[in-house]
């Protein structure tokens, strides 16, 4: 099993399917991440806010996998953003992870009422220029936020990590990202248990391909060109989420899942989260 990669606009390649640790308790994170690495994951997504960076780092060091074979993302949290302590936030995350460098560093939320995200992006651009991180990007940025940081700095994010699943497909944003060479990454790619996965088109495709509902949704993401970072707490589900490269959804199946879009968020709104 080989996970395909997407070459980012800043040069490095990111595995299209990774492993997320949002809401994974710190006391079990190391064991879960070690299991994920043993299962074959080589892309890990964490954040200061998840409070498990240290455990992710310990799992990486315990795995014995060469650092250059892994892709690790972490994120600037809102408290450091509000305080204007962007460099301190990055340095603390890097020290906590203790893995030498970060492959991708993201601004977690734009916090638009604060009016500091352009300045934060300028500092991330400095980190990239200094070689402190291999790539920089954003999370939960809307088109207006992206237009401002690109106009102000000339630096285009490598990634925008956003809420994206069959019921909320972010089509205008995805078109903007595609037009600017920005990779789209889905957090909560399975909807974070906030909707019934057994929607008729998903259930029909699962039956046709002898796959689970989750596998069909992940396959839909992958065929749409999206990077996905599902979480799992058991080896069975880790293996299941990786086992999505031996089938293809038909164009009719893809279109039927596309038609599920309600254009309604199930989580926080970047325009009002401050």
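The values are calculated or read from the model by the stated rules, or taken from the named source; none is laboratory data. All of these numbers come straight from a predicted model, not from anything done at the bench. Heads up, the Cβs are rebuilt from the backbone with ideal geometry, glycines too, and the neighbour counts pull from every protein chain shown.
Summary table
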{"item": "Answer from 162, 155 - the residue that is closer than 19 Å to residue 120 by Cβ, in contact with a strand residue (DSSP E or B) (Cβ under 9 Å, 6 or more places away or on another chain) and outside any strand (DSSP E or B)", "result": "155"}
{"item": "Neighbours by Cβ (under 6 Å, 6+ apart or cross-chain): first from the stretch 220-233, closer than 12 Å to residue 245 by Cα; second in a helix (DSSP H, G or I)", "result": "220/257"}
{"item": "Per-region count, the stretch 165-191, residues farther than 27 Å from residue 133 by Cβ and not in a loop (DSSP other than H, G, I, E, B)", "result": "6"}
{"item": "One residue from 44, 76 being over 29 Å from residue 243 (Cβ atoms), surrounded by 23 or more Cβ atoms within 10 Å (Cβ to Cβ) and touching a strand residue (DSSP E or B) at 6+ places or on another chain (Cβ under 7 Å)", "result": "76"}
{"item": "Residue among 124, 94, 132, 104 that is modelled with pLDDT under 95 and either in contact with a strand residue (DSSP E or B) (Cβ under 6 Å, 6 or more places away or on another chain) or under 21 Å from residue 12 (Cα atoms) (or both)", "result": "132"}
{"item": "Where residue 71 falls short, out of the listed (1) touching a strand residue (DSSP E or B) at 6+ places or on another chain (Cβ under 9 Å); (2) buried (at least 23 other Cβ atoms within 10 Å of the Cβ)", "result": "(2)"}
{"item": "Among the candidates 84, 88, 64, 18, residue that is farther than 19 Å from residue 157 by Cβ and touching a residue at least 12 places away in the same chain (Cβ under 8 Å)", "result": "84"}
{"item": "In the stretch 45-85, the residues that are over 19 Å from residue 107 (Cβ atoms) and within 20 Å of the chain's Cα centre (by Cα)", "result": "52, 54, 55, 56, 57, 59, 60, 67, 68, 69, 70"}
{"item": "Selection count, the stretch 227-266, where residues are under 19 Å from residue 35 (Cα atoms) and assigned to a strand (DSSP E or B)", "result": "1"}
{"item": "Considering residues of the stretch 188-219 that are surrounded by fewer than 21 Cβ atoms within 10 Å (Cβ to Cβ) and touching a residue at least 60 places away in the same chain (Cβ under 8 Å) only, the residue nearest to residue 28 (Cα to Cα)", "result": "192"}
{"item": "Some residue of the stretch 80-93 being under 22 Å from residue 227 (Cβ atoms) and surrounded by fewer than 18 Cβ atoms within 10 Å (Cβ to Cβ)", "result": "no"}
{"item": "Odd one out for residue 139 among (1) closer than 22 Å to residue 185 by Cα; (2) in contact with a helix residue (DSSP H, G or I) (Cβ under 9 Å, 6 or more places away or on another chain); (3) touching a residue at least 40 places away in the same chain (Cβ under 8 Å)", "result": "(2)"}
